[in-house]
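Each value in this text was obtained by applying a stated rule to the coordinates, not by laboratory testing. Given the structure is predicted, the values throughout are model-derived calculations rather than measurements. Cβ placement follows ideal geometry from the backbone for every residue including glycine, while neighbour counts extend to all protein chains displayed.
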Amino acid sequence: MKLSILVAMDEREGIGWRNRVPWYLPDDLKRFKQLTMGHHIIVGRKTFESIGRPLVGRRMIVLSRSQHAALAQEVVWADSLEKALTICRVAGENEVFIAGGAEVFRAALPLVQKLYVTRVLTVVEADTFFPPWEEREWQIVFRCYHPADEKHAYAFEFIDYIRQGL
C-alpha cells in the first residue's frame, strides 16, 4: 500500500489561514478529485471541519482523540495514524492520501512514498504551514506549470515527488 501526501502550499509552504485554504484554484480541486476518487483520504479533525462534509466517492478517515457522534455514520474515526492505516490495509487500499492538516502531515511525512504538491506561486497570509522536509530526499517525477488566468488568481505548479531510494 502506497502512502501519499496531497498538499497545496505557497512559496513559504503556507497551507492555511484561519482553518481555510487561502486560495481558490479550480484546476487544483479537479486534480485533487481525480487523484483521490475511489481511495481512502486521511485528514485531521480541523481539516475535516473546514471541508464541512464527507467527499463523495472517497472513504474519509478523520484523526481525532474523540469521536464526534453526529458525523460517525458518514466517516471513519481513528485516534491514531497507525489505526487509520490499518483500516486502509484491511480494506485492500492500494494508495492512501494524507490531505492535512499540518500535524497529520508531520506524523505521516516520514512514512510516505509520494508527494503530490501544488506549489502556489505567491506568498499569502498563513497561520498553518507544511512541516519542514528535505527536498533533496525526493525526486521530481512530474511537473506542470499553470499560469494565472480568469479562473485562477495565482499561477501554480503541480509537482509530484517520489522518495529517493524506493
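List of remarks:
- Of Tyr154, Leu6, His40, farthest towards positive along the dipole that unit charges on Lys, Arg, Asp, Glu beta carbons give the chain: His40
- Helical contribution to [θ] at 222 nm, DSSP H n ≥ 4, -39,500 (n - 2.57), averaged over the chain, rounded to 500: -6000 deg cm²/dmol
- Principal-axis tilt of helix 26-36 within the chain, Cα atoms, nearest 10 degrees: 40 degrees
- Rounded to the nearest 10 degrees, the inclination of helix 81-90 to the longest alpha-carbon principal axis of the chain is 70 degrees.
- For the peptides 13-24, 149-160, the ranking by packing is 13-24, 149-160, with the highest mean count of neighbouring Cβ atoms within 10 Å listed first.
- Spatial offset of the range 109-125 relative to the range 139-165 amounts to 10 Å, using the alpha carbon center of each.
- Global dimensions of the range 1-89 from alpha-carbon coordinates: Rg and Dmax equal 13.5, 38 Å.
- With the convex hull drawn over the C-alpha atoms of the range 21-166, the volume per residue is 128 Å³.
- ³J(HN,Hα) computed for each position of the range 9-22 - Karplus, 6.51 cos²θ - 1.76 cosθ + 1.60, integer Hz, glycine/proline x: 9, 7, 5, 9, 6, x, 10, x, 9, 6, 6, 9, 6, x
- Taking amide H positions as modeled 1.01 Å from N, with prolines and chain starts lacking one, the residues under 5 Å from Thr128 and 5 or more places away or on another chain are Ile15, Gly16.
- The charge dipole of the range 42-166, taken about the Cα centre with unit charges on the Cβ atoms of Lys, Arg (+1) and Asp, Glu (-1), comes to about 340 debye, rounded to the nearest 20.
- Amide hydrogen proximity for Ile98: with H placed 1.01 Å from N in the peptide plane, the residues at 5 or more positions away or on another chain lying under 5 Å are Ser4, Ile5, Leu6, Ile42.
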